[in-house]
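The values are calculated or read from the model by the stated rules, or taken from the named source; none is laboratory data. Model, not experiment: these values are computed from the prediction. Cβ sites come from the backbone with ideal geometry, for glycine too, and all protein chains shown count toward neighbours.
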């Protein structure tokens with residue numbers, strides 16, 4: 001999956017966390033959480049092979065790593081608006097969304113969603129999203145078609161996250 005879908009999830013989580021206005025700090029943190037797992041693509045783009053399970057779509061895409069990254073982000077970086085538990089759950093969900101969404105792609109050998117408990121790489125039976133080309137190949141016509149597809153697919157989340165909200169009118173008794 002190209003990063004636009006992951007960014008849309010991060011922005012929507014930030015909007016849910018922030019309330020009426022999208023807080024830039026929350027947007028940055030939740031977007032980083034939702035895209036964090038693709039750090040494992042950097043060595044692949046540089047031609048550096050990583051041993052299993054640390055290659056692309058490996059351990060960094062697991063639910064365990066999502067919790068290990070999301071919980072400290074909630075505790076250290078995000079102000080608990082609406083409660084610490086809610087902030088922690090949103091943070092872990094944003095990080096976990098990456099691996100789960102990647103299971104919807106035609107991406108290679110699958111996702112190590114259950115690492116370290118199971119070495120199996122998973123893909124869902126229904127995979128409507130093509131896998132994104134890595135590196136500069138993302139700028140190819142195929143990459144641009146995928147980006148357009150994701151813009152349409154994730155437009156509800158992007159609209160929710162970015163649509164400006166007006167404060168509710170307050171009525172005062174005369």
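Applying the set (1) under 23 Å from residue 117 (Cβ atoms); (2) surrounded by fewer than 23 Cβ atoms within 10 Å (Cβ to Cβ); (3) at pLDDT below 95 to residue 16 leaves exactly one unmet item: (1).
Of the residues that make up the stretch 7-24, is at least one over 10 Å from the mean Cα position of the chain (by Cα) and free of Cβ contacts under 8 Å to residues at least 60 places away in the same chain? Checked the stretch 7-24: at least one residue is over 10 Å from the mean Cα position of the chain (by Cα) and free of Cβ contacts under 8 Å to residues at least 60 places away in the same chain.
For every residue, the table says whether it meets (1) modelled with pLDDT of 95 or more; (2) touching a strand residue (DSSP E or B) at 6+ places or on another chain (Cβ under 9 Å); (3) within 17 Å of residue 11 (Cα to Cα).
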site: 114; (1), (2), (3): yes, yes, no
site: 121; (1), (2), (3): no, yes, no
site: 130; (1), (2), (3): no, yes, no
site: 143; (1), (2), (3): no, no, no
site: 146; (1), (2), (3): no, yes, no
site: 155; (1), (2), (3): yes, no, yes
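Look through the stretch 19-43, keep the residues that are in contact with a helix residue (DSSP H, G or I) (Cβ under 9 Å, 6 or more places away or on another chain) and assigned to a loop (DSSP other than H, G, I, E, B), and return whichever of them is surrounded by the most Cβ atoms within 10 Å (Cβ to Cβ). Only one residue fits best here, namely 22.
For the stretch 105-129, enumerate the residues that are over 17 Å from residue 55 (Cβ atoms) and surrounded by 17 or more Cβ atoms within 10 Å (Cβ to Cβ).
Restricting attention to the stretch 105-129, the residues satisfying the condition of being over 17 Å from residue 55 (Cβ atoms) are 106, 117, 124-129.
129 - this is the single residue of the stretch 105-129 that is over 17 Å from residue 55 (Cβ atoms) and surrounded by 17 or more Cβ atoms within 10 Å (Cβ to Cβ).
For the stretch 46-62, check the following and say yes or no: at least one residue is in a helix (DSSP H, G or I) and either out of contact with any helix residue (DSSP H, G or I) (no Cβ under 7 Å at 6 or more places or on another chain) or over 23 Å from residue 116 (Cβ atoms) (or both). The answer is no, given that none of the residues of the stretch 46-62 is in a helix (DSSP H, G or I) and either out of contact with any helix residue (DSSP H, G or I) (no Cβ under 7 Å at 6 or more places or on another chain) or over 23 Å from residue 116 (Cβ atoms) (or both). Yes or no: the stretch 79-102 includes at least one residue that is assigned to a loop (DSSP other than H, G, I, E, B), crowded, with 22+ Cβ neighbours inside 10 Å and either on the phi < 0 side of the Ramachandran plot or out of contact with any helix residue (DSSP H, G or I) (no Cβ under 6 Å at 6 or more places or on another chain) (or both). So far as the stretch 79-102 goes, no, none of its residues is assigned to a loop (DSSP other than H, G, I, E, B), crowded, with 22+ Cβ neighbours inside 10 Å and either on the phi < 0 side of the Ramachandran plot or out of contact with any helix residue (DSSP H, G or I) (no Cβ under 6 Å at 6 or more places or on another chain) (or both). Under the condition of being surrounded by fewer than 17 Cβ atoms within 10 Å (Cβ to Cβ) and in contact (Cβ under 8 Å) with a residue 40 or more places away in the chain, which residue from the stretch 44-70 is nearest to residue 34 (Cα to Cα)? By that ranking, first place goes to 64. With respect to being modelled with pLDDT under 95, touching a helix residue (DSSP H, G or I) at 6+ places or on another chain (Cβ under 6 Å) and buried (at least 18 other Cβ atoms within 10 Å of the Cβ), residue 2 fits the description.
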